[in-house]
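Accompanying notes for the structure given below.
Just so you know, all these numbers are worked out from the coordinates, no wet-lab data involved. Here the structure is a predicted model, which means the values were calculated and not measured. Cβ coordinates were reconstructed from backbone atoms using ideal geometry, including for glycine residues, and neighbour counts include every protein chain displayed.
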Amino acid sequence: VANLTFTVPLTDAHKVEKTLAPVLATLGGAQVAIHENIAKLSVVGVGMKTHSGVAATLFTALAAAAVNIELISTSEIKISVIIDKTRADEAARVVHKAFELEKL
């Protein structure tokens, strides 16, 4: 395994680190990196199975606002991105606008 990434509430980060310690000991050179200044932004909907272009709309909106994506995770009904915490509010606004959610 090259990298394994998951998100937990910051309040649980050190508990998770302690829990993972025995597993990491069996993986020579493995380590935990805790990133505190990040935010997760997700686009969720069952319609993503049938509507193409959701990822493109999300990524285009964030790129236009110069919001750097650190990590991307996808499932059948959700796309999540990890971004800088200081840009989270702006990112949510531009994505909201890109998907025309104000019209709902």
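Quick check: residue separation of residue 33 and residue 60 times 0.36 nm, minus the Cα distance between them. What number comes out in nm?
Computed gain between residue 33 and residue 60 is 6.8 nm.
Evaluate the Debye formula for the chain with equal point scatterers sitting on the alpha carbons, no solvent, and hand back log10 of I(q)/I(0) at q = 0.12, 0.16, 0.22, 0.25 Å⁻¹, in q order, two decimals.
Cα-only, vacuum Debye calculation for the chain: -0.51, -0.80, -1.16, -1.36.
Below 19 Å Cα-Cα, how many Lys pairs turn up in the chain? Only count pairs eight or more apart in sequence, or on different chains, if you could.
5
With an 8 Å Cα cut-off and a minimum separation of 6 or more residues, compute the relative contact order for the chain in percent.
That works out to 27 percent.
Please give the peptides 88-94, 70-76 ranked by average Cβ packing (other Cβ atoms within 10 Å per residue), highest first, as a rough proxy for protection.
88-94, 70-76
Relative to the Cα centre, what is the charge dipole magnitude of the chain, using +1 at the beta carbon of each Lys and Arg, -1 at the beta carbon of each Asp and Glu, and rounding to the nearest 20 debye?
160
Among 86, 29, 2, pick out the residue whose Cα is farthest towards the positive end of the charge dipole of the chain, where Lys and Arg carry +1 and Asp and Glu carry -1 on C-beta, about the Cα centre.
Checked the options; the winner is 2.
Which whole-Hz couplings ³J(HN,Hα) result when phi for each residue of the range 55-63 is put into the Karplus expression 6.51 cos²θ - 1.76 cosθ + 1.60, θ = phi - 60°, listed in order with x for Gly and Pro?
These are the phi-based 3J(HN,Hα) values: 4, 4, 5, 4, 5, 5, 4, 5, 5 Hz.
In whole Hz, with x marking every Gly and Pro, tabulate ³J(HN,Hα) for the range 74-86 from phi via Karplus 6.51 cos²θ - 1.76 cosθ + 1.60, θ = phi - 60°.
For the range 74-86, the Karplus-derived couplings read 10, 9, 4, 10, 8, 10, 10, 10, 9, 9, 5, 4, 5 Hz, x marking Gly and Pro.
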